[in-house]
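Below is one structure, written out as structure tokens; comments come after it.
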């Protein structure tokens, strides 16, 4: 019985994650996935500059909301995280706004598949790099950039997830 008490929470967590598929409850529905999109794209987005997506919409990195990532070379008890704001403007001029969060640390500690995605307009978005990183002196004239992995939703996904937030 004691062994069961140790295994039960792990089994419950694994089943919950598998059922949620890392995004939303299956009861959510929205536009069909971006069928014309390439399977996976890594886009480097300069702050404020729209970048076209395969379906005619545009993804824009609009701002950094917070950045509590542990500075490079500093001893920290928590890696921290950064939260940035993005928008997708569709070809029909609909605007979706959503946050993306990236944990501090190295890509080995937090590979892209462990970064929580957001969904908008049939795509999943994951923030995998946000520059400049705290503690590194930015190059002269360097503006913030965000590297986002973009892929079509594997199933029908909501119009925007997480739900829209105040701008």
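Which one of these does residue 127 not meet: (1) under 14 Å from the mean Cα position of the chain (by Cα); (2) in a loop (DSSP other than H, G, I, E, B)?
For residue 127, the exception is condition (2).
Tell me which of these residue 162 doesn't satisfy, since it passes every other one: (1) under 22 Å from residue 48 (Cα atoms); (2) within 14 Å of the chain's Cα centre (by Cα); (3) modelled with pLDDT of 80 or more.
Here residue 162 meets the rest and fails (3).
Would you be able to say whether some residue in region 88-104 is outside any strand (DSSP E or B) and modelled with pLDDT under 85?
Yes, region 88-104 has at least one match.
The values are calculated or read from the model by the stated rules, or taken from the named source; none is laboratory data. Just so we're clear, the structure is a prediction, and the values are computed from it rather than from any experiment.
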